[in-house]
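Have a look at the structure below before the remarks.
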Amino acid sequence: MSYLNLSLTLIFVLIPFFLSKHFKLGLEKDTVIAAVRSIIQLLAVGYILQFVFESESYIFIILMVLLMIGAAVQNARKKGVSIRGITWKLIVTYSFIEILTQSILIGLKIIPPTAQYIIPISGMLIGNSMVLSILFLNRFTSEVENRRDETELILTLGGTTKQSIHHSLMAAIRASTIPTIESQKTIGLVQLPGMMSGQIIAGADPVQAVMFQLLIIFLLLTTAVITSIMLGFLSYPSLFNERMQLIKSNKIKR
Amino acid sequence: MFTYAEEVNCLSEKDSIAIKLNNINYGTKNVEILKGITGNIYKGKITTLVGPSGSGKSTLFSLLNGMRSPQTGTIIINGKNINEFDPLQLRREVGIVLQKAVMINGDVFKNLSLPLSLQGKTLAKDKAIEYLKLIGLNESFLHRQAADLSGGQQQRISIARSLINEPPILLLDEITSSLDQASQHEIEQLISNVNKEFATTIIWITHNLQQAVTIGHDTWVMVDGKLVESGSSNLLENPKSDEVKQFLKGGDK
């Protein structure tokens, strides 16, 4: 696509702009900001990627991945501030997923060890893991709150902290991974996955594109399950102190 | 023949103390809840704990079975400092039953088994039936869903459940408050039997002053986070301090 063609696509920004103006929806400013930000951010990424691809240096690949992990942690930790040490717990989780998946992919020669493959796949996995961890943290917090009676009962009967929180943990893990699994059941029926569409538009063989998409959705399954399980087991101990007492146990009345 | 209570009274003072509290203070960031509680709970006795709402009775319970720790002061349970207990062991030795009988999903047997299943052990069916009989329910209840039972039945199950660990000390937090008169009497009878049969030391928080006198050997009166009077339960009939007189006059509203 040439820059001329790209500038013509601005028509699709002008349409909502003028419609908003006509109907006084008040979305003009946001439309412009969104368009400008997309242009700057994506072009910047494009040029950075081009540079990294051409440099053929692993240092830049690693730097890119670290940057992605950093941005994802920054985003997700806002949702889990009540959990002690959430930042490093997220860093450990995302790094583990990245190392595990890339070792399998590259180790078994499923993908070639080049930036062209490693970076986009890492981006998809870390992004997915980030969404999953936010889902998980939300759910875990509310499950713990809802099942407080049960947790306290088990503790008072001499159960361990892990036993007392077990049902909340499992419910949160299940609830946060279900959307990933469910969405994969209908994949391809309604809309074609973005990556696959992109490849087809860029001229790739549709069957090749499908095979890559399958690789991605299977990777996303692993990512989803590992993210919530790892984060779950890393974060539940911070709900208790060393005397196995629930911290902030405000439910017990005076 | 001596009754159990008389027998323990023959023991030396030190051996007869189940719980020794020394200057216990506990508070949250904003409120001081317990203020310098000092006192002894005697082995094999039923001590009733009364006082206005918000006087810190339930908080005291949560300290005794290690769900919370006091900021200052020492708690000695059967001669051993509470901090030297493994928290799991402590909670198995100091059982607690709350006003709200929390049932886990499943049948009565699963609920009764819980204390043992948490330790990876199983509850023998005979034993479960024995406990059911103790609380006045027959064998047919074993496989009824706990959620389907009445409040009084659930409360009895929760008492039996906390007895499975065979705790030498049992804390009861307003366990009859939400029950009708008949269930209330049955539970009083049950607790009295447990106390006699297993020589369990019992502390019972109640709002029912008549219950406090008839059931209790000893009584503690707490007002505003302080232990204002303690001794034989008939202290309620002849209170010394003004705070207790005022509390008794106002009932507990």
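The values are calculated or read from the model by the stated rules, or taken from the named source; none is laboratory data. This structure is a prediction, so every number in the text was calculated from the model and none was measured. Cβ: placed from backbone, ideal geometry, glycine included. Neighbour counts: every protein chain shown.
Taking helices (runs of 4 or more DSSP H) that fall entirely within region A:125-237, which contain at least 3 residues that are of a type in the set (Gly, Ala, Ser) and within 14 Å of another protein chain (Cβ to nearest Cβ)? I'd like the intermediate steps shown before the answer.
Details: elements: A:148-156, A:161-185, A:194-201, A:206-235.
Those helices (runs of 4 or more DSSP H) span A:161-185.
Can you tell which of A:71, A:76 is in contact with a Leu (Cβ under 9 Å, 6 or more places away or on another chain), in the same structural domain as residue A:129 (by TED's automatic domain parsing) and at pLDDT 90 or above?
On the way: A:71 fails: in contact with a Leu (Cβ under 9 Å, 6 or more places away or on another chain).
Only one candidate qualifies: A:76.
Filter region B:52-79 down to residues that are facing chain A (nearest Cβ under 10 Å) and part of a loop (DSSP other than H, G, I, E, B), then give me how many there are. Even if it seems obvious, please write down each step before you answer.
Here is the first cut: in region B:52-79, the residues facing chain A (nearest Cβ under 10 Å) are B:53-62, B:65-69.
Subsequent filtering for residues that are part of a loop (DSSP other than H, G, I, E, B) retains B:53-56, B:65-69.
Residues that pass the stated criteria total 9.
Among (1) part of a strand (DSSP E or B); (2) farther than 21 Å from residue B:97 by Cβ, which single condition is residue B:49 missing?
(2)
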